Structures are given as structure tokens and as C-alpha cells.
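Quick notes on the structure that follows.
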Amino acid sequence: MSSLTATVRMYRLDELGDCFLLTFRDGETTSRMLVDCGSFRNSNASKARLQEIIADISAEANGAALDVVVGTHQHNDHVSGFVHCEDELKAVGVSQVWLPWLDDPQDATAVEIGQQHKNLQRALYSARSKLQSIAGAKAKDKLSVVDDILGFYGANAKAPPELPAEAVRRLKVLGEKKPRYLRPG
């Protein structure tokens, strides 16, 4: 009789971020699943921390590819590491990527929702730029709130949101197999 075990490693990012390595063992069989890999701020320190985490995952995998990598949703704190550590993840190897149905390019509803979401992000970025040009330093506290919201989408005061969408583009081609698009439930 084999014994099934599960180990969960939750990595600290020293800021808002998510990265979990799930390891399942059933007798001699081991499977590994990486769920999210991202940091909110994307500073040099957070990028270095993400690289340390992927190095630890690589060591834990001991030459075996990850069976599944999951990108739960397009927020920096969940997926930015898939951009910053793309080469390191390719070196580890990934069998398959799982993404939410909202990232499925074959789902017409998902494509429409995605476009509306992107339009909303760009409108928020544009409003932020206009607020800064109109109010200047007087709007600093208001701008910080908008900046935090935009931060989830990879935007900052100098660039519109692109990073999480780029992470998903890279995830779609990271695995050996085609990605799976999962629905809730």
C-alpha cells in the first residue's frame, strides 16, 4: 500500500506576492506543481528574490521538470515572475501550463472580457496621467492610490499596464504540451 503525501512550500517575497510549490508523492512517483510566481513592485530586489525562489524550486526538483505551472490570474503579484524568470523556468522545464478560461484565445466571451479589461486599465492609466498634469504635487496622495491599483497590472507612472499580459503570453508557450484553460468549479 502506497502512502500519498503532499508538501506545500509558500515562498516569501518580502512584499505582496504569491508563489507556491506543491509536491505530491505516491510511493515512488513524485509530481510538482508551481502555483503563481509574482511580486507586486517588480523592483530589482523583488526580481532577485524571484530568481532565488526559482533556484530553490530547481534544486527541489533535482533535474525533474515541473509537471504543471499555474498562472491563476493577470495581476503582477501572481505572474510577473514568469517574465523575470522565464529563462530559469525554461531550464527547469515545464510539462504543462494551466491558465484561467479568461486567457483562452478560442473563447469569444473571454476575448471580449479581456478587451474590456484592457480598455479599463488604459483608461485608468490615462486618468492618472491627466490628474498628475492638472493637479501636480497637490494630487500626490490621490495618485498613490491610483498607482497601487495600476501596480497590480504592471503599470507605473511612466508606462501603461503590460507586464501581466506579457507573462500570460509567455506562459502559453512555456510548457511542452498545449496550455489548459480551466473554468471555476
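Points to keep in mind about this one:
- Computed from phi, the 3J(HN,Hα) profile of the stretch 136-153 under the Karplus parametrisation 6.51, -1.76, 1.60 (θ = phi - 60°) reads x, 5, 5, 9, 3, 5, 5, 5, 5, 5, 5, 4, 5, 5, 5, x, 4, 9 Hz, with x in place of Gly and Pro.
- Carbon/sulfur fraction of accessible area - the stretch 87-159, other protein chains in place, 1.4 Å, %: 59
- Long-range amide H partners of GLY175 with built H, under 5 Å: VAL97
- Axis angle, to the nearest 10 degrees, between helix 44-61 and the longest C-alpha principal axis of the chain: 10 degrees.
- Partner lysines whose Cα lies under 18 Å from the Cα of LYS130, excluding those fewer than 8 positions away in the same chain, are identified as LYS138, LYS140, LYS142, LYS158.
- Counting 0.36 nm for each residue step from ASP147 to VAL111 and taking away their Cα separation leaves a gain of 10.4 nm.
- Alpha-carbon Rg/Rh ratio, for the stretch 39-185, with Rh computed the Kirkwood way: 1.04
- Accessible area per residue for the stretch 1-117, computed on protein heavy atoms with a 1.4 Å probe, is 51 Å².
- Contour minus Cα-Cα distance for GLU60 and ALA137 (0.36 nm per residue): 22.9 nm
- Local net charge near ASP18, Cβ-Cβ under 9 Å (Lys/Arg +1, Asp/Glu -1): -2
- Label-point separation in nm, GLN51 to ARG169, each point 7 Å along Cα→Cβ: 2.3
- When +1 charges are put on Lys and Arg Cβ atoms and -1 charges on Asp and Glu Cβ atoms, the dipole computed for the chain relative to its Cα centre reaches about 700 debye.
The values are calculated or read from the model by the stated rules, or taken from the named source; none is laboratory data. Quick caveat, the model's predicted, so the values are computed rather than measured. In this analysis, Cβ positions are derived from the backbone assuming ideal geometry, glycine residues included, and neighbour counts consider all displayed protein chains. SASA here: full protein model, heavy atoms, side chains in, ligands and nucleic acids out. Shrake-Rupley method; radii C 1.70, N 1.55, O 1.52, S 1.80 Å.
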